[in-house]
1. What's the extension gain from residue 26 to residue 106 if we count 0.36 nm per residue and subtract their Cα-Cα distance?
2. Evaluate the relative contact order of region 54-137 (contact order divided by residue number), counting alpha-carbon pairs under 8 angstrom at least 6 apart; express in whole percent.
3. So how much slack lies between residue 68 and residue 144, counting 0.36 nm per residue of separation and subtracting their Cα-Cα distance, in nm?
4. Given [x] 1.01; [y] 1.62; [z] 0.94 as candidate values of Cα Rg over 2.2 N^0.38 Å, which corresponds to the one derived from the coordinates?
5. As a check on your grasp of the helix formula, calculate [θ] at 222 nm for the chain: sum -39500 (n - 2.57) over DSSP H runs of n ≥ 4, divide by the residue count, round to the nearest 500.
6. Quote the relative contact order of the chain in percent (integer), defining contacts as alpha-carbon pairs under 8 Å separated by 6+ residues.
7. Among 144-151, 114-121, how do they line up from the highest to the lowest mean number of other beta-carbon atoms within 10 Å?
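Every read-out reported here was derived from the displayed coordinates using simple, explicitly stated rules and does not represent laboratory data. Please read these numbers as outputs of a predicted model, since none were measured by experiment. Virtual Cβ from ideal backbone geometry, glycine too; neighbours counted across all protein chains shown.
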């Protein structure tokens, strides 16, 4: 073969090899984003459960801080796209793992005094791929963290409630 008949061959080879390289590159980037998002969501529920175990029950800053917001910021998370406090569910559990129905009732033995564990769940988060031409949405599984009760915002000596 002479050079005249091979003039477009390099362009075709580059197009085929380049396409494969870009597919692998975008795949690696998307897997990295997915791995980062899953780890951040897992840390968010652990962080929120820890805050709920030491902060006051009625403090709204617990869920805001769990998604890496400042206490006054009620918007979405600055770290994870489309993550809001609406994705979070905070429950208080008794010694048997049953949900305490009225955790703010400090006079009843089935209320505040029955709390032994704090559970934070994150569900319904949808991860959107950025791969061009392939806008697939992946619904991630539920993330859950349980922490033992600590102060719940109360001082044992004085009984006063402290904000977080």
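1. Gain on extension, residue 26 to residue 106, equals 23.4 nm.
2. 20 percent
3. Net length gain for the segment: 25.7 nm.
4. [y]
5. Working: 2 runs with 52 residues, N = 164.
About -11500 deg cm²/dmol.
6. Value for the chain: 23 percent.
7. Result, highest mean first: 114-121, 144-151.
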